[in-house]
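One structure follows; several queries about it will come next.
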Amino acid sequence: MRVLLVEDDEMIGRSLKQALEGAGWSADWVRDGELAQSALGDGGYTCVLLDLGLPRQDGTEVLRRARERGDATPVLVLTARDGLDDRINSLDLGADDYLLKPFEFRELLARMRATSCAAATAPRIRWWAALRCNSTSRRAKCW
Ligand code: CA
């Protein structure tokens, strides 16, 4: 399982990457929003750990653009922004979960398991007007 870690803080990024790899994840670490966009465009991630305060492009913008492209990769927001508006905004933009820094690594792993399992087992169904698409079965139906 491959995770994209988007974190500009060197100490947090390094320790998270190390801990994730120790837990059996393959972790790609990028330090700004534009590199995150580029990595997401390459695809293949089981989930994304996304900081919000990032250089070059804010995490909310990374999330918004990914969802606009139809990228359904599960995204866990990891941030020190503890305002209710930040949490609601991230969830409304399509984040799957939101974890406030500082957090216990065990809780992060549990949330990652839950999110990735949900994404891996549930059919991904999207609607565009009257068109229903299931990306798991690769079938589309017009209603
Ligand atoms: Ca940051």
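Any idea how far apart Leu84 and Ser38 come out in nm if each label point goes 7 Å out from Cα toward Cβ?
4.0 nm
I need Ser38, Ser90 ordered by Cβ neighbour count within 10 Å, fewest first.
Ordered by Cβ neighbours within 10 Å, fewest first: Ser38, Ser90.
Sticking with this one: Among Thr79, Thr46, which comes first, second and so on when ranked by fewest other beta-carbon atoms within 10 Å? Don't skip to the end; give the middle numbers.
Numbers: Thr79 21, Thr46 17.
By the 10 Å Cβ count, ascending: Thr46, Thr79.
What's the FRET efficiency of Leu109 with Arg14 using the Cβ-Cβ distance as r and R₀ = 22 Å, to the nearest 0.05?
Numbers: r = 17 Å, r/R0 = 0.80.
Once the sixth-power term is evaluated, E becomes 0.80.
Cβ neighbours within 10 Å, averaged per peptide: list 48-58, 97-107 in order, most packed at the top.
Result, highest mean Cβ count within 10 Å first: 48-58, 97-107.
Read-outs throughout are calculated quantities, based only on the coordinates presented, and are distinct from any laboratory measurement. Note that this is a predicted model, so its numbers are computed, not measured. Virtual Cβ from ideal backbone geometry, glycine too; neighbours counted across all protein chains shown.
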